Every structure is written in C-alpha cells, then in structure tokens.
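Here the structure comes first, spelled out in structure tokens, and everything after it is commentary.
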Amino acid sequence: MNASRLSAAHEPDAEKAFFVADLSLVYYQHQRWKACLPDIQPFYAVKCNPDPYIIRLLAALGTGFDCASNGEISQVLNVGGIDPSRIIFANPCKAVSFIRNAAKMQVDMMTFDNSDELYKIARAHPRAKVIVRILTDDSKSLCAFGIKFGAPLVTVPGLLAKAKELNLDVIGVSFHVGSGCYDPSVYTDAIMRARTVFDMGKDAGHTFSLLDVGGGFEDSLFEQAANYLNEAIEQYFPDRRNIRIIAEPGRFYVSKAFRLAANIIARRAPIAGPPAQEPSEPASDQPAVMYYINDGVYGAFNCILFDHQVIHPHVLSMNGSFHIADLEPTHLSSVWGPTCDSIDCVSPKTTLPVALQVGDWLGFDNMGAYTICAASQFNGFELSNVIYTTGGVGAVEVRNVLASFAAAGHGL
Ligand SMILES: *Cc1c(COP(=O)(O)O)cnc(C)c1O
C-alpha cells in the first residue's frame, strides 16, 4: 500500500520489489521441530538464508549453526552470545587456512570425507572433533550432493584408521540425503548406514558420540520425515545414552517465512511463432501476454536455476485494489525478470487476470530458502530489500525472545 502511495508521489524506486519476512513463521517452525524431533538438536544451515534477524532469532532460541566458510563462521560468532561449540563446520573439503581459522575461533566440530582432509586437519587443527560424512541415497532430492561429497562406506574403515594414526578425535558420523528431499523414507537407509559406521568406529578404536542426520527437510513432508527418522533411530540406535543427535536443517526453517512482492514494470504481446498454415487465433496453449517484473533469475529467482524451483505468482494488487474477484477473467501469461537476458524468465506459463497491467503487483510465496543469498546485481538491478514483521502465531514470544537477547547485549 505504501509502495503505491510512494509511486504516486513520484518517489524514486517506489515500485521496487521487496521481501516480507515473518519471523513468527521461523519461530513456528522451531516449535514444530521441537514437537516432532525433541531429541535432535537443530544446527541451522546458514547458507540457506544468512539473514541477520533469522540468525539472531535462532541464536536466541538456542539452535546451533552449520557453517561452511570463514565468512559464515564470523557472521554467526559476531552476533554475540553464541559459543563456538554451537557451530559445526560442515564442509568436508576446506582450505587449510579456513581450518586454521576455525582452530583460532575455537570451532572444533568439522566434517571430512577423504584422507587429504585428515592430513590438513591434523596439521592445522589437531584438537578438532571430526565427523565422517558418509554417502547416502540422494536420488530423491531436488539438489543431490552425492556426486560432490560423502565417503562411500567401503572407504570408511581406511579413513578411520588413518584418523587414528594421525591422532585425530573422530566423534561421529554425518550424512545429507540431499536438499529438498521429496521421499523421506531415505532417512531409514541413511540411519542404517550410520549404524554400520558407528560399528566401524568401534573397530577402529574410536568412541563415537555424535550422530548428525543432516538437512533435506521439506516443509510439507516434515512430519513424515520425522517419523522415519524417529523410527530408524529407535531401531538402529536403541541405546542412546552416550549419543548426541544433531541435524542441519536449512530450508525447513525459512522457506515459508519470506514472501516477495514484485511490480509489473512492462507488458507486451508475445513474439509471433513461425507463420501458421492458415491465419488463425493464437494457439490456446500459448501465453497471450508477457509481463516483465522487477526481480528475476539473476536476483531472488535464482532459485529457479540453482534450486530447481517452479514458480507461480498470485496477484497482490490490481488497479490499486487488494481485492481480486474470484471470477476475474484470466488468460495464459508468461512472467519475465527485468534484465536483458532471455534466460531471465520467472514463469513460462501461468494463469493471470486479463485486466492485469503495468503498475500492478504480483506476490510469490515460499521465497525464504536459497533465494536472496545467491542473488546478483547483474545488469545493475539492485537486490530486493527485506521488510520484517512478526505477524503470525507467536508474535509476542518472538518479540520477547529478541528483546531479551538484545537486552543481554547480543545481536547489536
Ligand atoms: C545445504 C546443506 C544443508 C541444508 O540443507 P536443507 O536441504 O536446506 O535442509 C545442511 N547440511 C549441509 C552440509 C549442507 O550442505
């Protein structure tokens, strides 16, 4: 509403696209986590969305953090009030200088999946608590990691023996079923493999105490994933007295919390296809109109390219009104980003009202995960700003949690 007023007042950038982040939804996800997985401590995967308020809120709620670089470690530690033991350096392939920096920062937990990494850690951080990242079935996920990370089980005994020889303290096992896992039954097999590796650890003379079940949790399948995990853990780790279980959820915490509003900055008819045999109406399965909005695949919608997302807009406001009639006539449309590259297409086919025009606003839900963090300023288009709210259930709690965190002198 403010944007339309500013635009009418000829304010520059009045129509700029913006995110709305509802921190209550992050809080809600945390409650959901605690209810379904009470014995698994979440270490939020910072790469998914390193928003400073998200990190602050999760820090105040007591989660740990999964960091993959010096930059992420600094960002988390700079918040204040987060002990380095609440960080896992969960990147199995690290530069030596990063390992040395972790030692300096007293970040001790780190993953590995190859023997070179063990030599590097033995040299740069001999007191590290290392965790073997194993390969699991990630074929049921949007983003598979197995071609890049994870030790096949046959290599693990050799790695554990090498770690022993180098006097390294291997404390446990981690895996990642792939990001955006749409078949949570894969957790069962992953836990079974982790059990095998716990036994290998014992054989190699290590005492394992940590099981890290990684990330991959999809919002809509979370309860199902939690059931698979709880059952598998009960089956394969019946005695958990000396075992700490952690996870590295990313998108689960933030996906729903961010929405994007983008303005329609241009509209045009589609380019005609090859001449038809006989003059006829445009084919009914082809978009009738192209809309251009002010964020695209080089910005927030990089999730289309990198995170394999399929995007569908809804109408936020039309002709200055937020009330869009259900019976509004619609037609097939395509939605494009603002840059001069033709790859910059947000939605090749979607249904939008015929009356939609330049100046109207489109809304996009579930824009919190793997969006802003990888957005570029290609072609001179700025990143969309974030506006924070605590709108939903738990708003009072969120504000209290943040206020007491700030009162303790943190997050300033
Ligand atoms: C990306 C990543 C995560 C987070 O994955 P989600 O699917 O967002 O939950 C967790 N752990 C590691 C090691 C990762 O690389």
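The values are calculated or read from the model by the stated rules, or taken from the named source; none is laboratory data. Not measured: the values here are computed from a predicted model. For neighbour counting, all protein chains shown are included, and Cβ atoms are generated from backbone atoms with ideal geometry for every residue, glycine included. Side chains are part of the model used for accessible areas, which takes the heavy atoms of the whole protein and leaves out ligands, DNA and RNA. Shrake-Rupley method; radii C 1.70, N 1.55, O 1.52, S 1.80 Å.
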- prompt: Local charge sum around THR350 (other residues, Cβ-Cβ under 15 Å, Lys/Arg +1, Asp/Glu -1)?
  reply: -2
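Helix-derived [θ] at 222 nm for the chain: sum -39500 (n - 2.57) over DSSP H runs of at least 4, divide by residue count, nearest 500?
Numbers: 12 runs with 124 residues, N = 412.
Only helices count here, giving -9000 deg cm²/dmol.
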task: Amide H neighbours of PHE301 under 5 Å, at least 5 residues apart or on other chains, H built in the peptide plane: list them.
output: GLY296
field: Tail weight of P(r) past 25 Å, computed on alpha-carbon pairs of segment 122-255, percent
entry: 25
query: Tilt of helix 222-236 relative to the longest C-alpha principal axis of the chain, in degrees (0 to 90, nearest 10)?
result: 10
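For the chain, go through all pairs of different Cα atoms, get the mean of 1/r, take its inverse, and jot down that Kirkwood value in Å. Mind showing how you got there, number by number?
Values: mean 1/r = 0.0428 Å⁻¹.
Result for the chain, one decimal place: 23.4 Å.
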- prompt: If one computes the Cα centroid of segment 179-223 and of segment 69-148, what distance in Å separates the two points?
  reply: 17
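Could you please report the charge total around ARG86, scoring K, R as +1 and D, E as -1 over all other residues with beta-carbon less than 15 angstrom from its beta-carbon? Don't skip to the end; give the middle numbers.
Working: positive: ARG56, LYS129, ARG244; negative: ASP66, GLU72, ASP83, ASP108, ASP212, GLU248.
It works out to a net charge of -3.
Expected output is a single nm value to one decimal: the length gained when fully extending between LYS148 and SER185, i.e. 0.36 nm times separation in residues minus the C-alpha distance. What is it? Don't skip to the answer; put the middle values down first.
Working: separation 37, 0.36 × 37 = 13.32 nm, distance 2.22 nm.
Length difference between fully extended and current span is 11.1 nm.
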Degrees, to the nearest 10: 23-36 long Cα axis against longest axis of the chain: 40
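In this model, which of LYS140/LYS202; LYS94/LYS202; LYS47/LYS349; LYS129/LYS162; LYS140/LYS256 are farther than 24 Å apart at the alpha-carbon?
Listed pairs above 24 Å: LYS140/LYS202; LYS94/LYS202; LYS47/LYS349.
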message: For the chain, what does the relative contact order come out to in percent, with C-alpha contacts under 8 Å and a separation of six or more?
response: 20
query: Of the beta bridges DSSP finds with both residues in the chain, what % are antiparallel, to the nearest 5?
result: 40
statement: Here segment 318-323 yields Karplus 3J(HN,Hα) values (6.51, -1.76, 1.60; θ = phi - 60°; whole Hz; Gly and Pro given as x) of 9, 6, x, 10, 8, 9
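What number results when the radius of gyration of segment 56-174, computed over Cα atoms, is divided by 2.2 N^0.38 Å? Show your work: numbers first, answer last.
Numbers: Rg = 14.6 Å, N = 119, 2.2 N^0.38 = 13.5 Å.
With N residues counted in segment 56-174, Rg over 2.2 N^0.38 Å equals 1.08.
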statement: In units of 2.2 N^0.38 Å, the Cα radius of gyration of segment 23-254 is 0.95
message: Output needed: percent of Cα pairs per 5 Å distance bin for segment 351-412, bins running from 0 to the one holding the longest distance.
response: 3, 11, 12, 15, 17, 18, 11, 7, 4, 2, 0
- request: Please give the net charge around GLY394, taking every other residue with its beta carbon less than 15 angstrom from that of GLY394, where Lys and Arg add +1 and Asp and Glu add -1.
  value: +2
- request: Jot down the radius of gyration and Dmax of segment 1-93, Cα atoms only, both in angstrom.
  value: 17.5, 55
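DSSP loop (so not H, G, I, E, B), at most 14 other Cβ within 10 Å: list which trypsin sites (Lys or Arg not before Pro) in segment 49-147 pass both filters.
Working: sites: ARG56, ARG86, LYS94, ARG100, LYS104, LYS120, ARG123, ARG127, LYS129, ARG133, LYS140; in loops: LYS94, ARG127, LYS140.
For trypsin sites (Lys or Arg not before Pro) across segment 49-147 that sit outside H, G, I, E and B with at most 14 neighbouring Cβ atoms in 10 Å, the list reads ARG127.
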message: I'd like the carbon and sulfur percentage of the solvent accessible area for the chain, probe radius 1.4 Å, heavy atoms only, ligands and nucleic acids excluded.
response: 55
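Rank these residues by their accessible area, most exposed first, probe 1.4 Å: VAL173, VAL315, VAL358. Let's see the in-between values first.
Working: VAL173 0, VAL315 30, VAL358 85 Å².
My answer, sorted largest first, is VAL358, VAL315, VAL173.
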message: Angle check, please: helix 395-407 long axis (alpha carbons) against the longest principal axis of the chain (alpha carbons), in degrees 0 to 90, nearest 10.
response: 60
task: Tally the DSSP beta bridges in segment 23-254 and give the antiparallel ones as a percent, rounded to 5.
output: 5
